[in-house]
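Student: Attaching a single structure in C-alpha cells format; questions to follow.
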Number of protein chains: 2
Amino acid sequence: MPQTTIAIQGERGSFSEEAATRLMGPNVRVLPKETFPAIFQSVAERESRYCLAPIENTLAGSIYENYDLLLEHDLHIVAEVNLRIVHNLIAFPGTTMENLRQVYSHPVALAQCSRFFKRHPKVEKIPFYDTAGSVKMLAERKIPGAAAIASHIAALVYDGKILQKHLEDHQENYTRFLQLARTSSIPSDANKVSIAFSTRNAPGALFRCLSVFALRDIDLTKMESRPVRGRPWEYFFYLDFAGNVRDKKCQKALDHLAEVTDILRVLGCYKAGKK
Amino acid sequence: MPQTTIAIQGERGSFSEEAATRLMGPNVRVLPKETFPAIFQSVAERESRYCLAPIENTLAGSIYENYDLLLEHDLHIVAEVNLRIVHNLIAFPGTTMENLRQVYSHPVALAQCSRFFKRHPKVEKIPFYDTAGSVKMLAERKIPGAAAIASHIAALVYDGKILQKHLEDHQENYTRFLQLARTSSIPSDANKVSIAFSTRNAPGALFRCLSVFALRDIDLTKMESRPVRGRPWEYFFYLDFAGNVRDKKCQKALDHLAEVTDILRVLGCYKAGKK
C-alpha cells in the first residue's frame, strides 16, 4: 500500500479528487468508493492511509452523514481544505457549443448553473447520478451534441475538452473537506480544533459549554448538532474553534469543558484551510 | 375552502396524515403535495389554511429543507406534535403471513425494520418512493404475497389489513411536526417559542446570544444552524426555548437578543407537543 492513498466518495475526476489534489499534490493516489461509509471503512481497515470527507458546503449546508460518521469511527482530522466549486462544461469530439443539445450532470450541479441554461434555452438538462460519472459516461459513449458539467479534473482524467468554464451562478460556492487518518498527527502550525460533546439535558447546559471558550476569548468558527440515537430530544454538539491543543489556554478550555459534559471527544487539531 | 384544510407532503395515509389527525381530529381535510416547498406554497397562496412540516426525527435528525423553508416563507408556527413512528405491515386479500414474499416501502422505513427481515429471511425488501404510496400501489395492483410497511392510517385510507404491528427496531423513533399558518395566533397555554437569527461573525457572538437566555434561566430545547447563502462560513441559528412571548421575562430576552443580532425573527409561540 503506497503511503499516499486517499479514499474519496464518487468517481475518478470528482470534486473530491480535485480537493485531494489540492491538499496532497498531483501524484496522490485516489481510491474511489461509492458511499461515505465506505471511505471511512477503507481507512479503518487499513486499505487507505487517508480518506477525504466533504463536511459542509456554503450553499447547501452541512453534510450530516459525515458528521455522524465522525462519531461512529475513531478517525482523526489531520487537515482541511476549502474548495471553490467551479463548474466546467466538458465534451468529447463531435460536440461543440454550436451543436450542443444535452447536458448531463448531478441534479445539484445542474441547478447551480441555471443562468447558463437560461442563456441556452435549447439545451436540455439531463440529471445523472454523479458529476464526474457523467463525463465518464460520455467518454465511453461519445454522444454527439452532449456535454457534462463537472470539475476540471474530470476533463483531465477522462481526456475531455473544456468547452466553457465557470458555469456556476454563485461564485460563493465552497465545499469544506476534512482529511482523516487512523492516527492523529498535529502539524506545528495547527490553529484549529474540532470537538464533539454531549451534555445532560439541563437548562443552560449548552451555555455553560460555550462559556469555557468565551471566558478565554477563543473564537468559535462552526457549531453543529445531531440527535443522540435512543435518547429522543438529546443532541451531540460539534464545535470548531481557533487554537492548538498544545496551547495552555486551549488545554484549560478543554479541561473545563470535560467538567460540564458527559462525553467529550477531540476529533482533530489541524491547520485551517484558506477561506 | 373549508377552514380545516391542511397541506401535507406525501400520499394520503402518510405519517404526516397521522400527525395531522392527531393534531386536528379525524375530520381534518388533508391536501397531499409531492414536495415540502409545495406545502408551504399552498398556505402562502391561500389554497390551504395550514400545512404540516416535519422538522426533526429522533433517529435521522433535523429535516433541513424545512428549516430553510421556514426562513424563505413568512408563515407562523401555531402548534407542534411529536409522533411516535410505528411501522405496520399492511396487505390486501391474497396475502397472509404464510405466503408473504415481498415487502414494499420507503428505504428508510425498510431500514428501520431490520429485525423483522432477519426473522423472515425469505421475504424480499423492495424500495418504493413512499410508505403510504406503497400501500396505495398494492391496493390498486393487489400482488399476491406482497405487503407494505406504513402508518396504520394508510390501512384505513386504502382499506388494507394490518398483518402485524410494531415492525420498527427502535421504539424511540419520533418525528416532530410543525403546524404552520399565514397569521400568528398564540394559544393561552403557549409555552414554547421558536426563533431564527444571524449575527456578525465576531468572536463570542453566539455566546452573547445564548447569554440572553441563560441570564434569565430560560431553557433552550433545540438549536440548529444553516448556512447564509452568499456569505460563506456565516450561519443562521434556529432556537427553540421554553416560554411565552407575552411574558415579561421572554420579552426582555428577545429585546436583549435584538441588540446583539443582525436579523431576528420569531417563527412562532405555541404549546409544546407531548414528548
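The values are calculated or read from the model by the stated rules, or taken from the named source; none is laboratory data. Model, not experiment: these values are computed from the prediction. Cβ: placed from backbone, ideal geometry, glycine included. Neighbour counts: every protein chain shown.
Student: Quick one: would you say B:Glu56 is in a strand (DSSP E or B) and not assigned by TED's automatic domain parsing to the domain that holds B:Met223?
Tutor: Yes, satisfied.
Student: Another one. For B:Thr221, are the conditions met, namely being β-branched (Val, Ile, Thr), out of contact with any helix residue (DSSP H, G or I) (no Cβ under 7 Å at 6 or more places or on another chain) and in a loop (DSSP other than H, G, I, E, B)? Please lay out each step first, then the result.
Tutor: On the way: β-branched (Val, Ile, Thr): yes; out of contact with any helix residue (DSSP H, G or I) (no Cβ under 7 Å at 6 or more places or on another chain): yes; in a loop (DSSP other than H, G, I, E, B): no.
No, not satisfied.
Student: Does segment A:253-263 hold any residues that are part of a helix (DSSP H, G or I) and either of a type in the set (A, V, I, L, M, F, W, C) or over 20 Å from A:Ser184 (Cα atoms) (or both), and which are they?
Tutor: The answer is A:Ala253, A:Leu254, A:His256, A:Leu257, A:Ala258, A:Glu259, A:Val260.
Student: Has segment A:190-201 got any residue that is within 30 Å of A:Thr95 (Cβ to Cβ) and β-branched (Val, Ile, Thr)?
Tutor: Here is the first cut: in segment A:190-201, the residues within 30 Å of A:Thr95 (Cβ to Cβ) are none.
The answer is no, given that none of the residues of segment A:190-201 is within 30 Å of A:Thr95 (Cβ to Cβ) and β-branched (Val, Ile, Thr).
Student: Restricting attention to segment B:181-206, which residues are free of Cβ contacts under 8 Å to residues at least 60 places away in the same chain and closer than 21 Å to B:Thr4 by Cα?
Tutor: First, pick out the residues of segment B:181-206 that are free of Cβ contacts under 8 Å to residues at least 60 places away in the same chain: B:188, B:201-206.
Within segment B:181-206, B:Ser188 is the sole residue that qualifies.
Student: Has segment A:185-196 got any residue that is within 8 Å of chain B (Cβ to nearest Cβ) and assigned to a loop (DSSP other than H, G, I, E, B)?
Tutor: No - not one qualifying residue is present in segment A:185-196.
Student: Restricting attention to segment B:90-131, which residues are under 22 Å from the mean Cα position of the chain (by Cα) and buried (at least 16 other Cβ atoms within 10 Å of the Cβ)?
Tutor: Once the filter is applied, which keeps residues that are under 22 Å from the mean Cα position of the chain (by Cα) and buried (at least 16 other Cβ atoms within 10 Å of the Cβ), segment B:90-131 yields B:Ser105, B:His106, B:Ala109, B:Leu110, B:Gln112, B:Cys113, B:Phe128, B:Asp130, B:Thr131.
Student: Next question. Looking only at segment A:234-248, which residues are more than 9 Å from chain B (Cβ to nearest Cβ) and assigned to a strand (DSSP E or B)?
Tutor: A:Phe236, A:Tyr238, A:Leu239, A:Asp240, A:Phe241
Student: Can you tell me which residue among B:Arg226, B:Arg231, B:Arg200, B:Arg216 is within 14 Å of another protein chain (Cβ to nearest Cβ), on the phi < 0 side of the Ramachandran plot and in a strand (DSSP E or B)?
Tutor: B:Arg226
Student: Continuing with this model, one more query. May I ask you to list the residues in segment A:16-28 that are surrounded by 15 or more Cβ atoms within 10 Å (Cβ to Cβ) and of a type outside the set (S, T, N, Q)?
Tutor: A:Glu17, A:Glu18, A:Ala19, A:Ala20, A:Arg22, A:Leu23, A:Met24, A:Val28, listed by residue number.
Student: When A:Arg176 is evaluated against the numbered criteria (1) within 14 Å of another protein chain (Cβ to nearest Cβ); (2) surrounded by fewer than 16 Cβ atoms within 10 Å (Cβ to Cβ), which criterion, by number, is the only one it fails?
Tutor: Result: A:Arg176 fails condition (2) only.
Student: Check A:Ser62, A:Ser134 and return the single one that is among the hydroxyl-bearing types (Ser, Thr, Tyr), modelled with pLDDT under 95 and crowded, with 21+ Cβ neighbours inside 10 Å.
Tutor: Of A:Ser62, A:Ser134, the one residue that is among the hydroxyl-bearing types (Ser, Thr, Tyr), modelled with pLDDT under 95 and crowded, with 21+ Cβ neighbours inside 10 Å is A:Ser62.
Student: Does B:Leu89 satisfy being away from every other protein chain (no Cβ under 13 Å) and over 30 Å from B:Pro144 (Cβ atoms)?
Tutor: Spelling it out, it is not the case that B:Leu89 is away from every other protein chain (no Cβ under 13 Å) and over 30 Å from B:Pro144 (Cβ atoms).
Student: If you don't mind, another one. Looking only at residues in segment A:201-247 that are within 28 Å of B:Ala242 (Cβ to Cβ) and of a type in the set (S, T, N, Q), which one is surrounded by the most Cβ atoms within 10 Å (Cβ to Cβ)?
Tutor: Restricting to residues being within 28 Å of B:Ala242 (Cβ to Cβ) and of a type in the set (S, T, N, Q), the top hit is A:Ser225.
Student: Taking segment A:52-86 as the search range and keeping residues that are among the small types (Gly, Ala, Ser) and within 12 Å of chain B (Cβ to nearest Cβ), which one is nearest to the chain's Cα centre (by Cα)?
Tutor: Of segment A:52-86, the ones among the small types (Gly, Ala, Ser) are A:53, A:60-62, A:79.
Now narrow it down to the ones that are within 12 Å of chain B (Cβ to nearest Cβ): A:60-62.
Numbers: A:Ala60: 12, A:Gly61: 11, A:Ser62: 9 Å.
Per the criteria, the residue is A:Ser62.
Student: Return the total of residues in segment B:76-98 being more than 13 Å from B:Ala109 (Cα to Cα), of a type outside the set (D, E, K, R) and part of a loop (DSSP other than H, G, I, E, B).
Tutor: 6
Student: Now, a different point. Take segment B:159-173 and flag every residue that is out of contact with any Cys (no Cβ under 8 Å at 6 or more places or on another chain), surrounded by 18 or more Cβ atoms within 10 Å (Cβ to Cβ) and closer than 14 Å to B:Leu89 by Cβ. Walk me through it before giving the result.
Tutor: If we filter segment B:159-173 for residues that are out of contact with any Cys (no Cβ under 8 Å at 6 or more places or on another chain), which is where we start, we get B:159-166, B:170-173.
Going one step further and asking which of them are surrounded by 18 or more Cβ atoms within 10 Å (Cβ to Cβ), we end up with B:160, B:173.
B:Gly160 - this is the single residue of segment B:159-173 that is out of contact with any Cys (no Cβ under 8 Å at 6 or more places or on another chain), surrounded by 18 or more Cβ atoms within 10 Å (Cβ to Cβ) and closer than 14 Å to B:Leu89 by Cβ.
Student: Let me ask you something else. Residues to consider are A:Thr183, A:Thr199, A:Thr221; find the one that is among the polar types (S, T, N, Q) and closer than 24 Å to A:Glu17 by Cα.
Tutor: A:Thr183
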